[in-house]
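Written below as structure tokens is the structure these notes are about.
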Amino acid sequence: MKSAIGAPKSLRFLVMGRYLLLTILSAISVFPIIWLFLSSMKTQVDLLARPPVLFFKPTAQYYIYCLETGFFGSYFVNSLIVALFTTFFSIIIGGLGGYSLARLRFCGDKFMAFLILSFRMLPAVTLVIPMYLLARKFGLVNTKLSLIIAYVAFNLPFVTWMIRNYMDTIPVEVEEAAMTDGASRIYTLMRITLPLSLPGLFSTAIFCFLLSWNEFIFATSLTSSPKAQTFPVAVSGFIGCRGIAWSALAASTCIMLLPPLLFGIFAQRYIIRGFVPGAIK
Amino acid sequence: MKGKLGVCLAIVLIGSLVLGTVVVSAQTVKRITVGLEAGFMSDGASLVAPDFEKAHPDIKVTVVPIPYTAFRQKVIQELSAGSGAYDIVGGYLELNASYIAAGWVVPLDKYVAESDIDTNDFIPSFYNLGTLFGRASQLNPAGDVYGLPFNGDVMMLIFRKDLYALNGLTPPGTWEEFVKNVTKLNQPKDDLYGMAVSGARANDSHVMFDFYSFALNMDGTLPLGEGNKPQVYSPGNVRALQLYVDLVNKYKVTPPGVREYRYAEKNAAVAQGKATHMVQWMLACAGELEDPDQSRVHGKVGYTTMPGGGSVVGGWSILIADACKYPKEAFEFLKFLSIDSDARISLAYGKGPVLKSSAQDPEMIKKYPYIADYVKAATNGMHMCACSPALPLWLEITDILNFGFADAVFEGVPVEEALKHIDKKMAELLKEEGFLE
Amino acid sequence: MKRVTAIKKTENFAEKHILIILLVPLLVTLCSVLLYPLGYSLVLSLCKWSIARPFLGKKFVGISQYIKAFKSGPFFIAIVNTFIFTGAAVSIQLVLGIGIALLLHGDFRGRGIFQTVLFIPVVLTPVGVGILWKILLSTDIGLFPYILSRMGFREISLLSNPLLAKLCIIMVDIWTETPFVFIIVLASLESLSLEPFEAAHIDGASRWQIFRYITLPLIKPLIMVVVLIRVMDVFRIFDTIYIMTGGGPGSATESVSTHTMRVMFQWFRTGYASALSFIILAIIVAMSLVLTKALRVEYLQVKR
């Protein structure tokens, strides 16, 4: 397959050059993560040693510490619950809205542009401040519910946009065919459009889950105790400790990065669809 | 496919709902959440909490460590919202003033009266953290007790006694001797530096403490005088700031990266054998410096007062939040933590004891041979803002001080100009908030 | 055909109704959890309220908070810093991203693995990214300061030197977000039809000429969108700075978001913080309008 760069790739020199560059870049990409993992297996003394030790006796004590202290159990669960509920509500609300906007051509476009711009332009800070104050007002500070509401609010424009784009790829004709045969719009939606859009919905769900899992600024403002605090906030709590608990920090970060890492490796295709504006397949 | 996906989704959702409900419904016990600074304070509380729970089977205690850099933020965030995230909170004098002024904490007088606490056993300067020094404070004129002392400490001069012995030095009695000692033990080629000071231009910086450790012994003045008038610019303070500036820029005895230093970094510098002197909270750092797992200089560290003998005194108390559902039970834990566990936590971690009786405990004397000096310094020492009313603005004043001093040391702002600038900013702030005419 | 159209016409009315009904949950949700809080905050930006000192109450002060913001030295520093980060990070990411996309374009062995490995940084939790770079860059345990000190730079402390700290923040953003750029560019490259390239190749054009005169113009619309998105994203940077330097040393790495969060959650001056947050929003909106015009961005890239 000829590439858009042109020139046949039979020149071995070019091929080697490409592989070399890619290898270097990949190393840069992956090295910090590997270093993190190595650091998480070192004892505090090893970590602080100068020169940095390359060969050391690995220890899993910090992982055990993380897993044993009930804290990390609850923080992980909190993150999970918040992410799942956020995804659930975002998909339903965004799904219905996205579908409707996909079919309502003339006003859908303008509204869509407005929505997607607002997502990209709105700084989290601008929403965090009133979210915190309103949570205070309604007694929702330090609850998972407040986080779910905040995340849904912040992600909804984007989710709607993604789903609308998928719905766009489902030809109107298919629906019309069903409706010609006497099916109602709702029935068509459930039985025909929905199954066809499942890959898209799945992509959106993964993206939504990741956004929620990785979120920090809302979580740190709205939650403070094991009751509702999410994992990134708990991990950030290791910083600024007396003597900075580097090893524990590294271990807990590894745990925290595990879901995104797994998603990144195995669900790459789905996540990419959330990046690419427009329905480029 | 749709069916299977739907079933999966349903299971996951129901599972999470069940999980959430289970967690919530385990409420037959009374839960008390304690928010303390991460480190020896939260570790100490975690150490003794199980014993408390054993003695009180209907109470469950959860200790939440909050890092110092986020402490003010987290606690005020939760207390002001009345969220009940923390039932018991820690606080130092300035934070306590904020809590009390805003009405976020519960007065403890009636609980103290009902119990058999001997308030005379507390070292006065630590006990007074919870009363804002009684009638001296316009925020608490009646002198009500809001918090029991939990941790006390004194800023002392920490030095490497092994290197002193090697070089024939003695603990400095004058500032000239101090400079001499510090420059003698400064060998940058061997990665050894004279003194670790704080330099971070940040809210939790230690610049202010380092500065006042010098200033209080050089006839320096406290930040606010009569009628809240800023008086940072004074001859004594000028001398002190000049010494600070010189240590970094003229004598060059500070390690690289000192600009980033806050509390933890100073300790690390000495613990790793990089710096030979520092001014630090004595007992807090002793816990780290004498721990073979964390420190390379354990057993080699000496503690003495600054030349002049004056020291900055600090400490933390524990208070009960207004939103606490079980104040009586919370007080039980407060008492347990403050009094019953005082010596125990002090022996296990570097917590400064708050009871006079703890200082007489033979185990304590064995572990901290200088404990009599500690009590003396604590009794005579200066609380940073104790001589002026504990204003609810103290947190912002701390920022102005930290930033202003750091500018003189690291941004090349001339000493006199920096101090005058601090006074100016403080006056602006106080006027704006109505504390200054 | 005619029959279908006829049905479509009569169905149009009812169908629009149902579609609008489906839209309702979205609109209701957006209004209540997005627009309402923003409106609340806007009103608040006209008041002076410090929740750490509730006894002082809420006072209406008009636009004085905004004026205060314009006079504020620290905020100005934050704005300058943020523009520096944005400009540097986006431009470098763009070039790198296009380069990587060109490297990955085409069929060759191992491409999938390379793509996956290069992709990973962008999905990681920003807090995690901040931590892992802090571990590499911090003076205490960092590998990089150690290497530098071996190379003779004794006094260098990466995260506590104002200039170097800025560079580190920029570098971390580049490391994290370049995959975003290259993925999009790559997708774009692969969707291009081959004819112009074959024709150019037959005509004997060099690789660079093909790239400059054919590839680049064809993918330009998408690149412009990417630039716009990245600019708006970097401007809002918060997590990594908070973790790595907390805005320091001094205010060297303070961004508009970290400054506003500080005003809100360390000083608890809610009215002023609200005003700042809206100023940030206004700056971003203004920037995007300017960039849209300048780069001729098309928002609706949907293939019908």
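Odds and ends about this structure:
- Flag for residue B:349 being within 30 Å of residue B:116 (Cβ to Cβ) and either among the aromatic types (Phe, Trp, Tyr) or in contact with a His (Cβ under 9 Å, 6 or more places away or on another chain) (or both): yes
- Within the range B:132-163, the set of residues being among the charged types (D, E, K, R) and either in contact (Cβ under 8 Å) with a residue 40 or more places away in the chain or surrounded by fewer than 14 Cβ atoms within 10 Å (Cβ to Cβ) (or both) comprises B:135, B:153, B:160, B:161, B:162.
- Complete set of residues in the range A:189-232 that are among the hydrophobic types (A, V, I, L, M, F, W, C), touching a residue at least 60 places away in the same chain (Cβ under 8 Å) and not in a helix (DSSP H, G or I): A:228
- Residue within the range B:277-294 that is over 22 Å from residue B:377 (Cβ atoms), out of contact with any His (no Cβ under 8 Å at 6 or more places or on another chain) and away from chain A (no Cβ under 14 Å) present: no
- When residues of the range A:127-139 are limited to those that are more than 8 Å from chain C (Cβ to nearest Cβ) and open to solvent by 40 Å² or more (accessible area, probe 1.4 Å), the one modelled with the lowest pLDDT: A:139
- The helices (runs of 4 or more DSSP H) falling completely within the range C:117-224 that include 3 or more residues that are more than 14 Å from chain B (Cβ to nearest Cβ) and touching a Ser or Thr at 6+ places or on another chain (Cβ under 9 Å) map to C:126-137, C:162-190.
- Residue-level check: of (1) β-branched (Val, Ile, Thr); (2) within 17 Å of residue C:126 (Cβ to Cβ); (3) within 9 Å of another protein chain (Cβ to nearest Cβ), residue C:241 misses just (3).
- Residues (in a helix (DSSP H, G or I) and open to solvent by 70 Å² or more (accessible area, probe 1.4 Å)) located in the range B:164-176: B:165, B:166, B:176
- All positions within the range C:62-110 that are open to solvent by 50 Å² or more (accessible area, probe 1.4 Å) and not aliphatic (A, V, I, L, M): C:64, C:68, C:70, C:71, C:74, C:76, C:83, C:91, C:107, C:109
- Cβ pairs under 6 Å, 6+ apart, first in the range B:66-89 and more than 8 Å from chain A (Cβ to nearest Cβ), second assigned to a helix (DSSP H, G or I): B:73/C:265; B:87/B:330; B:88/B:330; B:89/B:75
Yes/no per residue for (1) buried (at least 18 other Cβ atoms within 10 Å of the Cβ); (2) closer than 22 Å to residue B:199 by Cβ; (3) at pLDDT below 80:
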site	(1), (2), (3)
B:352	yes, no, no
B:359	yes, no, no
B:367	no, no, no
B:376	no, no, no
B:384	yes, yes, yes
B:398	yes, yes, no
B:412	no, yes, no
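- Within the range A:122-188, helices (runs of 4 or more DSSP H) holding 2 or more residues that are of a type in the set (S, T, N, Q) and within 30 Å of residue C:271 (Cα to Cα): A:144-169
- Flag if residue B:192 is open to solvent by 10 Å² or more (accessible area, probe 1.4 Å) and farther than 30 Å from residue B:74 by Cα: yes
- The residues on offer are A:200, A:237, A:274, and the sole one that is touching a helix residue (DSSP H, G or I) at 6+ places or on another chain (Cβ under 8 Å), of a type outside the set (A, V, I, L, M, F, W, C) and more than 14 Å from chain B (Cβ to nearest Cβ) is A:274.
- Those residues of the range A:212-234 which are more than 8 Å from chain B (Cβ to nearest Cβ) and charged (D, E, K, R), in sequence order: A:215
- Selection status of residue C:100, more than 17 Å from residue A:21 (Cβ to Cβ), part of a helix (DSSP H, G or I) and in contact with a Ser or Thr (Cβ under 8 Å, 6 or more places away or on another chain): no
- Conditions (1) over 18 Å from residue C:264 (Cα atoms); (2) open to solvent by 10 Å² or more (accessible area, probe 1.4 Å); number of the one not met by residue A:160: (2)
- Condition met for residue C:235 (without any contact (Cβ under 8 Å) to a residue 60 or more places away in the chain, open to solvent by less than 10 Å² (accessible area, probe 1.4 Å) and either of a type in the set (Phe, Trp, Tyr) or within 23 Å of residue A:134 (Cβ to Cβ) (or both)): no
- Number of the condition not met by residue C:59 [criteria: (1) assigned to a helix (DSSP H, G or I); (2) open to solvent by 40 Å² or more (accessible area, probe 1.4 Å)]: (1)
- Flag if residue A:202 is of a type outside the set (Lys, Arg), within 25 Å of residue A:127 (Cβ to Cβ) and either at pLDDT 85 or above or open to solvent by 20 Å² or more (accessible area, probe 1.4 Å) (or both): no
- Output for the range C:28-56, where each listed residue is over 25 Å from the mean Cα position of the chain (by Cα), open to solvent by 70 Å² or more (accessible area, probe 1.4 Å) and within 11 Å of chain A (Cβ to nearest Cβ): C:28, C:43
- Scan of the range B:73-124 for residues that are hydrophobic (A, V, I, L, M, F, W, C), assigned to a helix (DSSP H, G or I), touching a helix residue (DSSP H, G or I) at 6+ places or on another chain (Cβ under 6 Å) and within 23 Å of residue B:358 (Cβ to Cβ), ordered by number: B:93
The values are calculated or read from the model by the stated rules, or taken from the named source; none is laboratory data. Here the structure is a predicted model, which is why all the values come from computation and not from measurement. We place every Cβ from the backbone using ideal geometry, glycine too, and count neighbours over all the protein chains shown. All accessible areas refer to the heavy atoms of the entire protein, side chains included, with ligands and DNA or RNA removed. Shrake-Rupley method; radii C 1.70, N 1.55, O 1.52, S 1.80 Å.
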